[in-house]
Amino acid sequence: MSATLGPLGEGGQVIIIGGGPGGVGCALALQRLARQMGRSIEITIVEGKQFTRERHYNQCAGVLSPPLPSLMEEELELPFPYHLSRDEIQGYILHTDREQVTLHETGAPSIALRRVQFDAYMLESARERGIAIRQARVVDMEILDSHAVVYTENAPLKADVVVGAFGLDEGTGAMFARLTDYRPPKALISVVTKFHPGDDAMHAFGDFIHAFLLSNKRIEFGAVTPKGNHLTINIAGERVDIPTMQSFLHSPAAHKVLPNLTSAGEYDAGDLRFFKGRFPRSLAKQYYGDRYVMVGDAAGLVRAFKGKGVTSAVLTGIRAAHTILEAGISQEAFHQHYRQANMDIISDLPYGQVMRFFTNRFSRYHLLDLVVRAAQTNPHLEQSLFDAVSAHASYRQVMGKMLRPDVVRDIVGEMLGVRKGATVQTEEAT
């Protein structure tokens, strides 16, 4: 194919596969930029799920934090839906098997809400602004020299460029992999459930997310998030399943936090039903080419360990829109413009992978207990743990803070203290 496919011009057509935050963010950004440039273009979002009336369950924990509100308002001219808020998160309580530390939010609080409601708000906003919404699943596609054709359950759609905002949908990912050199990102599995413990228990639980880094080798991390009248509970790892979730729910660390689970179902028949999902942990291969580009999870353009998936989806959707209208729709244009625009995410992936490796190893051998204990008295270490858990800073910044001399000194001091204590006990025994 030609590598000279220029910026989308007057009458250009864009098909966006996926009506989540990344797809809608791209659509709204395209519409706004085209209007500013004096161009008239056609934008169609194809989405097979129904977000209205909460017919679809989204496995995302649904904690949205800055800079998403300003990103939506400034780049998309779309108010952030504070009216959907279930809770304002004031910070995190990080648990290991034997220790815990409270990590306070120092900026604007994160907002806990139901993702399906947020997705419905985004998609309906696009509809109200005249963007075509096609309620159907994509079944096949052709990328030709002159255009692309997207085949849906209803009718074929013609486009100059296709935006993949389908997350980790295996069917659509396999379709792109068959037609192009695209290969989906590697992923972690998540298992999610919810629990309504009652008003008194929710009040006692408070407005902090409880995060868990335990020695269970199957669970890379877990979390319990307050959402108004219920708790969302999720775990993630390469091989997590329902027995793994049940093991987490009955672990000593989680048991201290969770209200009495024997009352499950007393307030909601859907309590402790389990849902499975996935989220990326690596960059996808060939996530752009002539006449196609991926955004958000489909591209693997998210933090390598966890956090801010919605923000990354919207941000990469906006960046894809700029590339399509300003640089072009060729593989070369996406490589030179879109990839470069996302270097803040791409360059941080190796640091996130290193953090993931050491966090997993430290958890297995209870060394994170010592790190958390040191954080109880070291504010710089406490802040670095907050930044890592909340995704408020890059992993490169987090690693820089954790290598501060005072932080290293306190962690080593905890390790030496444990060793010294063990030596004393041995001498007393002899």
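Numbers below:
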item	result
Among the residues listed as Lys285, Lys308, the single one being in the same structural domain as Gly173 (by TED's automatic domain parsing) and closer than 27 Å to Phe386 by Cα	Lys308
Single residue of the range 149-176 satisfying the filter (of a type in the set (Phe, Trp, Tyr) and buried (at least 18 other Cβ atoms within 10 Å of the Cβ)) that is nearest to Glu77 (Cα to Cα)	Phe166
Scope the range 1-26; condition over 20 Å from the mean Cα position of the chain (by Cα) and either modelled with pLDDT under 95 or not in a strand (DSSP E or B) (or both); matching residues	Met1, Ser2, Ala3, Thr4, Leu5, Gly6, Pro7, Leu8, Gly9, Glu10, Gly11, Gly12
Sole residue being in a strand (DSSP E or B), closer than 16 Å to Pro226 by Cα and either in contact with a strand residue (DSSP E or B) (Cβ under 9 Å, 6 or more places away or on another chain) or not hydroxyl-bearing (Ser, Thr, Tyr) (or both), chosen from Ile133, Ile111, Ile43	Ile111
Residue within the range 239-262 that is touching a Ser or Thr at 6+ places or on another chain (Cβ under 9 Å) and either within 30 Å of Arg319 (Cβ to Cβ) or without any contact (Cβ under 8 Å) to a residue 24 or more places away in the chain (or both) present	yes
Conditions (1) over 22 Å from the mean Cα position of the chain (by Cα); (2) farther than 30 Å from Ala375 by Cα; (3) not in a helix (DSSP H, G or I); number of the one not met by Met175	(3)
All positions within the range 345-386 that are of a type in the set (Asp, Glu) and farther than 26 Å from Glu238 by Cα	Glu382
Output for the range 201-225, where each listed residue is outside any strand (DSSP E or B) and among the β-branched types (Val, Ile, Thr)	Ile219
Extreme residue, surrounded by the most Cβ atoms within 10 Å (Cβ to Cβ), among residues of the range 88-107 that are polar (S, T, N, Q) and touching a Leu at 6+ places or on another chain (Cβ under 9 Å)	Thr96
Among the residues listed as Arg339, Arg356, Arg319, Arg361, the single one being crowded, with 22+ Cβ neighbours inside 10 Å, under 26 Å from the mean Cα position of the chain (by Cα) and of a type in the set (D, E, K, R)	Arg319
Residue count, the range 237-258 (criterion: assigned to a loop (DSSP other than H, G, I, E, B) and closer than 22 Å to Ala187 by Cβ)	4
Residue match in the range 260-274 (condition: in contact with a strand residue (DSSP E or B) (Cβ under 6 Å, 6 or more places away or on another chain) and not in a loop (DSSP other than H, G, I, E, B))	no
Matching option when the condition is more than 28 Å from Gln117 (Cα to Cα) and buried (at least 20 other Cβ atoms within 10 Å of the Cβ), among Leu179, Leu231, Leu213	Leu213
Some residue of the range 269-278 being modelled with pLDDT of 90 or more and crowded, with 18+ Cβ neighbours inside 10 Å	yes
Test for Arg98: is it touching a residue at least 24 places away in the same chain (Cβ under 8 Å) and in contact with a helix residue (DSSP H, G or I) (Cβ under 6 Å, 6 or more places away or on another chain)	yes
Qualifying residue in the range 172-185 (condition: β-branched (Val, Ile, Thr), closer than 21 Å to Gly277 by Cβ and in the same structural domain as Thr44 (by TED's automatic domain parsing))	yes
Residues of the range 164-204 satisfying the condition of being modelled with pLDDT of 95 or more and of a type in the set (Phe, Trp, Tyr)	Phe166, Phe176, Tyr182
Matching residues in the range 78-116 - criterion: being more than 21 Å from Leu28 (Cβ to Cβ), among the hydrophobic types (A, V, I, L, M, F, W, C) and within 18 Å of the chain's Cα centre (by Cα)	Ile89, Ala112
Out of Ser110, Ser85, Ser146, sole residue that is surrounded by fewer than 22 Cβ atoms within 10 Å (Cβ to Cβ), farther than 30 Å from Leu8 by Cβ and not acidic (Asp, Glu)	Ser85
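Residues checked against (1) hydrophobic (A, V, I, L, M, F, W, C); (2) in contact (Cβ under 8 Å) with a residue 24 or more places away in the chain; (3) assigned to a strand (DSSP E or B):
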{"site": "Cys60", "(1), (2), (3)": "yes, yes, no"}
{"site": "Pro66", "(1), (2), (3)": "no, yes, no"}
{"site": "Leu71", "(1), (2), (3)": "yes, yes, no"}
{"site": "Glu74", "(1), (2), (3)": "no, no, no"}
{"site": "Pro79", "(1), (2), (3)": "no, no, no"}
{"site": "Leu94", "(1), (2), (3)": "yes, yes, yes"}
{"site": "Thr102", "(1), (2), (3)": "no, yes, yes"}
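The values are calculated or read from the model by the stated rules, or taken from the named source; none is laboratory data. From a predicted model like this one, the values you see are computed outputs, not experimental measurements. Note that each Cβ is placed from the backbone with ideal geometry, even for glycine, and that neighbours are counted across all protein chains shown.
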